[in-house]
Structure formats: structure tokens, C-alpha cells
Amino acid sequence: MSLLNPHLILYLLLLTVVTGEILRPRFYSETCPEAESIVRREMKKAMFREARSVASVMRLQFHDCFVNGCDASVLLDDTPNMLGEKLSLSNINSLRSFEVVDDIKAALENACPATVSCADIVIMASRDAVALTGGPDWEVKLGRKDSLTASQKDSDDIMPSPRANATFLIDLFKRFDLSVRDMVALSGSHSIGQGRCFSIMFRLYNQSGSGKPDPVLEPVYKKKLNKLCPLGGDENVTGDLDATPHVFDNQYFKDLVSGRGFLNSDQTLYTSRETREYVKRFSEDQAEFFKAFAEGMVKLGDLQSGRPGEIRFNCRVVNRKHNDVLLVS
């Protein structure tokens, strides 16, 4: 058998990089051994400055990975030639704390220039957001490249709205080989953080076009939300996604069982026959929820587009083109 020629070998190496086959734990153990500790240190700083910020950073993994894979495209600013994902319907006035990622990137560039991708930063920071607020810790697989582009349209077409029901969510996650159990567990990311009144106005005043509130809302909780989000009020006001918004625990699922889910897409997990049993199980067994959540986050992190990428020096902008050729270090 003849030896493979050098050009074919290079092609196979490029294919391996962009399809994600090299993702592995401790990817930076030689090139940037302090990478994971630097990310966690910066996340601790962010949490001390503003407790909500770590939950906001965690959301970036969901909004990034669902849209053409985990490639940090969600971090890119718009350019004259590109409408990015930050202003898509599911992200505008919702995704935040991009400056935390900027701080992490700056610290990593200072320690290990042009080595750690923004895509990997999102994965590590999301894990740390959970671990630092009392949730599970897990080993992340790393080695991603950063996207050369972003697409507002792709984000609009893929990301679910707060009005989504369980059936829609099941079908969406299935497209990415994520099971019903994965979907319910990953919805538990709403154990920390806040949501805007904008996302629940229809539930409070016009559920399904009825002109009435969602009948499954627990009465006392509904009054609380009415006070927080009155008709005609500021819809950018935020409310807690569960009763313990700064602690990652299974309270989120307990709230769903009690009719106190903030978002329609949350509460529907308990009212739907297909997902109800998982909600009950996670509400009763926090350890099982933590295990399922960590497994789901690893699977979510495996999503990749197979497109060429780079290591960005700044997470908000694409590096200058290298004659449209992907350079692999």
C-alpha cells in the first residue's frame, strides 16, 4: 500500500480539527496549563461584582451551541457585512455579561497569547457558573475553534421563545441528539438568574389569546408577578427564575410542581405528560438532577458545525483573514 501524500494528510488533519474529533479533557495542559484555573478565577471575580452575571454567562453556552455549534459566534459584534446573533429575537435585551468573557479572554491572552479559543472559554465559564453557585462540577472537553462568522437569521430560526411548549422543546432538542431527559435537565439552568417581564406578559394577561392569565399559575405567585410586571409597565424589569436565584439547586423543579414557573416554557414541562415525570423526579432528587445536568452540558458542548475556524484574539471580532485558508497551529 502506498503512503498517503502530504496534501491528503493535511486535509485529514483539517477535517479532524473542524469536526471536533480532537475535543478532549485537559486540552491546554501543555500549551496553557493554567487555563481552567484562570477562567474560574475570573468567574469568581465576576460573581463578587454582580451575582447575576455568572448565570448570564452560563446562558451563552445554550445560545451559542444551538446555533451552528459551539463556536463563539454568539459573541461576535455586528459588522457592515454581517448581522450577528446578539440582536436576534431570542438574544436582544436578554443575553448579557459579554464583558465577563472579555475579561477572561484578556487574562488568558496575557498568560498564553493566541492559544485558548473564545468557544472554549464559553464552555469552561458555563461549567464554572454552575459550580460556583452550588451546582455540580464536571470535566469539560476542550479544543474548539472560533467561528469566522455569525448569523442573526440562523439564531432566529433555531432558538426557542419563552412561549415555547414542551412538544416544541422536545423536537428542538431531538434535532441535536439530546433526549427528553437532557432537555428537562438542561432547562434546570433556570435554577439561577432572572428573566424579563417581556417574556411573561402574555402569560399574565393574554395566555393563548384568551385575554386571561395562564390558569396553571399558583394564585399567590401570580399576584407577585402582576405587581412586578403590571400592564403598561416597564417590560425590561427582571424577576427571579426560581425561589433561589443565586443558588444552583433543584428548587426550580419544586417551583414547577407548585405552579410557580416563571416562563411558559418552564411551566409547560410539568403540565406536559411527556416531561412531567422528569420534573417530579428532579424535584425530589437533587443528586439525580445534578448528574443529568452535567451529562447534558457535556453533550451540548459536543455540538459543532464542522466549519473552518480560528483562535480569535478578541472574542467580539473575527481576526484578519489568512487568504481564506484555515491555519492550524
Review point. Tell me, in nm to one decimal, what length is gained between Glu218 and Asn314 on full extension, where the rule is 0.36 nm per residue of separation less the Cα-Cα distance?
Key: 30.0 nm
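At 1.4 Å probe radius, can you tell me the per residue accessible area of the range 180-219 in Å²?
Details: 1430 Å² over 40 residues.
Accessible area per residue, the range 180-219: 36 Å².
Provide Rg over Rh for the range 38-124; use the alpha carbon set for both Rg and the Kirkwood Rh (inverse mean inverse pair distance). Intermediate results must be reported in sequence, preceding the final value.
Numbers: Rg = 12.9 Å, Rh = 13.4 Å.
The Rg/Rh ratio comes out at 0.96.
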Review point. If one computes the Cα centroid of the range 46-103 and of the range 249-274, what distance in Å separates the two points?
Key: 25 Å
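Give me the 1.4 Å probe accessible area per residue for the range 65-141, excluding ligands and nucleic acids, in Å². Intermediate values should be presented prior to the final figure.
Working: 2540 Å² over 77 residues.
That works out to 33 Å² per residue.
When the helices in the chain are scored as -39500 (n - 2.57) per DSSP H run of 4 or longer and the sum is shared across all residues, what 222 nm value do you end up with, to the nearest 500 deg cm²/dmol? Provide the component values of the computation, followed by the final result.
Details: 14 runs with 156 residues, N = 329.
Calculated from helices alone, the mean residue ellipticity at 222 nm is -14500 deg cm²/dmol.
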Exercise for review: Any chance you could list P(r) for the range 153-275, counting all Cα-Cα pairs in 10 angstrom bins from zero, rounded to whole %?
Suggested key: 13, 44, 35, 7, 0
Practice item. Could you order Asp156, Asp137, Asp71 by accessible surface area, starting with the largest, using a probe radius of 1.4 Å? Key: Asp137, Asp156, Asp71
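At 20 °C and 1.002 mPa s, what whole-number value in µm²/s does Stokes-Einstein give for the translational diffusion of the chain, with Rh from the Kirkwood sum over Cα pairs? Mind dumping the intermediate values first?
Numbers: Rh = 20.7 Å.
Calculated translational D: 104 µm²/s.
Over the range 21-162, what is the relative contact order in whole percent, taking alpha-carbon pairs under 8 Å and six or more residues apart? Don't skip to the answer; put the middle values down first.
Values: 209 pairs, mean separation 56.5, N = 142.
Relative contact order, the range 21-162: 40 percent.
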Study note, to complete from the structure: the chain: relative contact order from alpha carbon pairs under 8 Å, six or more residues apart, as a whole percent, is 25 percent
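Can you give me the % of accessible surface on the chain that is carbon or sulfur? Probe 1.4 Å, all protein chains present, nothing else counted. The partial results should precede the final answer.
Details: 8550 of 15710 Å².
Solvent-exposed carbon and sulfur of the chain make up 54 percent of the total.
The values are calculated or read from the model by the stated rules, or taken from the named source; none is laboratory data. Since the model is a prediction, treat every value here as computed from it, not as a measurement. Side chains included, ligands, DNA and RNA excluded: accessible areas come from the protein's heavy atoms. Shrake-Rupley method; radii C 1.70, N 1.55, O 1.52, S 1.80 Å.
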